[in-house]
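Computed from the coordinates by the stated procedures, all read-outs in this text should not be read as laboratory data. It should be emphasised that the depicted structure is a prediction, and the values quoted were computed from it without experimental measurement. Backbone-built Cβ (ideal geometry, glycine too); neighbour counts: all protein chains shown.
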Amino acid sequence: MTKAAFRISAALALGLSAVAAYAEDQSVEMLHFWTSGGEAEGVRALQTALGAKGVAWKDAAVAGGTGANAYQVLRSRVASKTPPSGAQMHIQETLVWAREGLLRDLSDLAAKDGWRNSVLPSIQANYEVDGKWIAVPVTMHRSNWLWYNTALLKKVGAEPPKDWEEFNVIAEKLKAVGVTPLALGGQNWQYGDLLENIILAKGGPDFYRKVIAGDEETIKSETMISAFDQLAKLRGYVDAGSPGRDWNLATAMVINGEAAFQIMGDWAKAEFALAGKQPDVDYGCVAAPGTGGGFVWLVDNFAFFDTGNEASRSAQNTLAETVLDPKVQVDFAIKKGSIPVITDFDSSRLDTCGRRSFEDRTSAEDKNGVVPSIFHNAAMPGARTGVFLDVVSEFFVTTSMTSQDAVEALVEGLAQL
Ligand code: GAL
């Protein structure tokens, strides 16, 4: 083979491997915690939409609600300099990585695609930090939902409860006929979800905001004590199998008629849908007791690690563009049980619960009733959330702990940070 021929074939081979490498890199390895049956349906919708654009979604799923396990895995991967291409995060976690300078700045993409015009104005400030877009918001969930089994409510002649007093009356009736009133997974964040909903119910949005600001007088108030009193009451409405149970198995209890109610974010709806259950027929979705008019939000976003490789950046960009595509926003929301994070989308495609969430968000915005979720890392930095998690989970399982003890433990824990 002549020198010239060799050089040409070598260049061709190199070119081909570069092309192969680029094609190979047209993938995004995504670390996330969407592992329940319903959540996996959501991931599949994203994989399909992304695949249609020639980019492969490489799955790096880590089980465990609210992502505590996934965040742990992420830390070790970053520490070993093998970060995934991207990860599902909540805003508070995203801010941690952004402050460490490890996330890609998505500002060019945001400018090119007009995110300032398309993304919900009320959440933009979370994602555009110091003039940089640190992540792409994907979907908005609401944590103040009550899910109920319609047949079991009929059994005791009850309507969905509007407040906790009504809930407690119905719960006693359900217990009297041998039905578990509340399906609950005994995990710290699930106890937390109950608490944040009760705080909003007992005190309202302004009170809730003072709690997350750590206002001592508010946390020590009679209202906060009555919130813990109501939480204590719920100890008597869950079954003995509750400790350690995953949230989706608690949802399954309501689906299967083993329990009447669940307080859980609308990711639960994806489980009802997967089981072929119809909203307002087999099950109902209403604002958690006493929180009508309020909207406790959390957003799942994707943040990207700078892998320093053009091909992978372009794949990350394609994913970011795909998730903000108005059709994909709705497709994903329908599967995931959430609502879009963009302003312009076809809300008529959402189901009853989805439209209710969207309408409730709109009316809550008008009344300043929208507040960030504490236990899904929307409201405060991790260390502060950790204090609330520790106190609420100790309180729920320790019957000798009084509501007074709980509020004092909160104040003490926050003071030590
Ligand atoms: C939330 C997350 C949701 C859902 C839920 C249960 O924190 O934002 O998308 O996954 O946990 O795991």
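Things to note:
- Residue in the stretch 216-245 that is surrounded by the most Cβ atoms within 10 Å (Cβ to Cβ), counting only those that are acidic (Asp, Glu) and over 20 Å from TYR148 (Cβ atoms): ASP229
- Test: residue in the stretch 286-305 that is hydroxyl-bearing (Ser, Thr, Tyr), touching a helix residue (DSSP H, G or I) at 6+ places or on another chain (Cβ under 7 Å), part of a strand (DSSP E or B) and crowded, with 22+ Cβ neighbours inside 10 Å: no
- Given (1) over 30 Å from VAL28 (Cα atoms); (2) surrounded by fewer than 23 Cβ atoms within 10 Å (Cβ to Cβ), index of the condition ALA273 fails: (1)
- ILE91 passes every criterion in (1) buried (at least 19 other Cβ atoms within 10 Å of the Cβ); (2) within 16 Å of the ligand (Cβ to nearest atom); (3) closer than 15 Å to TRP34 by Cβ apart from (3).
- Those residues of the stretch 329-377 which are in a helix (DSSP H, G or I), in contact with a helix residue (DSSP H, G or I) (Cβ under 7 Å, 6 or more places away or on another chain) and either away from the ligand (no atom under 16 Å from the Cβ) or among the acidic types (Asp, Glu) (or both), in sequence order: VAL330, ASP331, SER347, ARG349, ARG355, PHE358, GLU365
- Within the stretch 310-341, the residues that satisfy the criterion of being crowded, with 20+ Cβ neighbours inside 10 Å, of a type in the set (Gly, Ala, Ser) and farther than 18 Å from PRO279 by Cβ are SER312, ALA315, ALA320.
- The strands (runs of 3 or more DSSP E) falling completely within the stretch 18-131 that include 2 or more residues that are of a type in the set (Gly, Ala, Ser) and at negative phi map to 56-61, 86-89.
Residue by residue, here is whether (1) within 16 Å of the ligand (Cβ to nearest atom); (2) not hydroxyl-bearing (Ser, Thr, Tyr) holds:
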| residue | (1), (2) |
| --- | --- |
| HIS32 | yes, yes |
| GLY37 | yes, yes |
| GLY51 | no, yes |
| VAL55 | no, yes |
| PRO83 | no, yes |
| LEU95 | yes, yes |
| SER107 | no, no |
| LYS112 | no, yes |
| ASN117 | no, yes |
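- Flag if LYS175 is surrounded by fewer than 21 Cβ atoms within 10 Å (Cβ to Cβ), charged (D, E, K, R), without any contact (Cβ under 8 Å) to a residue 12 or more places away in the chain and more than 26 Å from GLY382 (Cβ to Cβ): no
- Residues within the stretch 271-285 that are among the charged types (D, E, K, R) and either without any contact (Cβ under 8 Å) to a residue 60 or more places away in the chain or out of contact with any helix residue (DSSP H, G or I) (no Cβ under 7 Å at 6 or more places or on another chain) (or both), tallied: 1
- When the stretch 246-261 is limited to residues that are assigned to a helix (DSSP H, G or I) and among the polar types (S, T, N, Q), the one that is surrounded by the fewest Cβ atoms within 10 Å (Cβ to Cβ) turns out to be ASN248.
- In this structure, ALA268 does not qualify as of a type in the set (Gly, Ala, Ser), more than 13 Å from the ligand (Cβ to nearest atom) and either in contact (Cβ under 8 Å) with a residue 40 or more places away in the chain or under 19 Å from ASN377 (Cβ atoms) (or both).
- Condition met for ASP193 (more than 23 Å from the chain's Cα centre (by Cα) and on the phi < 0 side of the Ramachandran plot): no
- Close pairs (6 angstrom Cβ cut-off, 6 or more residues apart or separate chains): in contact (Cβ under 8 Å) with a residue 40 or more places away in the chain in the stretch 34-59, within 16 Å of the ligand (Cβ to nearest atom) and charged (D, E, K, R) anywhere: GLY38/GLU271; GLU41/LYS335; GLY42/LYS335; GLY42/LYS336; ALA45/ASP331; ALA45/LYS335
- Residue, surrounded by the fewest Cβ atoms within 10 Å (Cβ to Cβ), within the stretch 67-78, restricted to residues that are farther than 20 Å from ASN309 by Cβ and not polar (S, T, N, Q): ARG75
- Odd one out for GLY64 among (1) within 11 Å of the ligand (Cβ to nearest atom); (2) buried (at least 23 other Cβ atoms within 10 Å of the Cβ); (3) not hydrophobic (A, V, I, L, M, F, W, C): (2)
- Selection count where residues are farther than 23 Å from ALA227 by Cβ and within 16 Å of the ligand (Cβ to nearest atom), scope the stretch 139-173: 2
- Of the listed requirements (1) surrounded by fewer than 12 Cβ atoms within 10 Å (Cβ to Cβ); (2) under 25 Å from GLU365 (Cβ atoms), GLY54 misses just one: (2).
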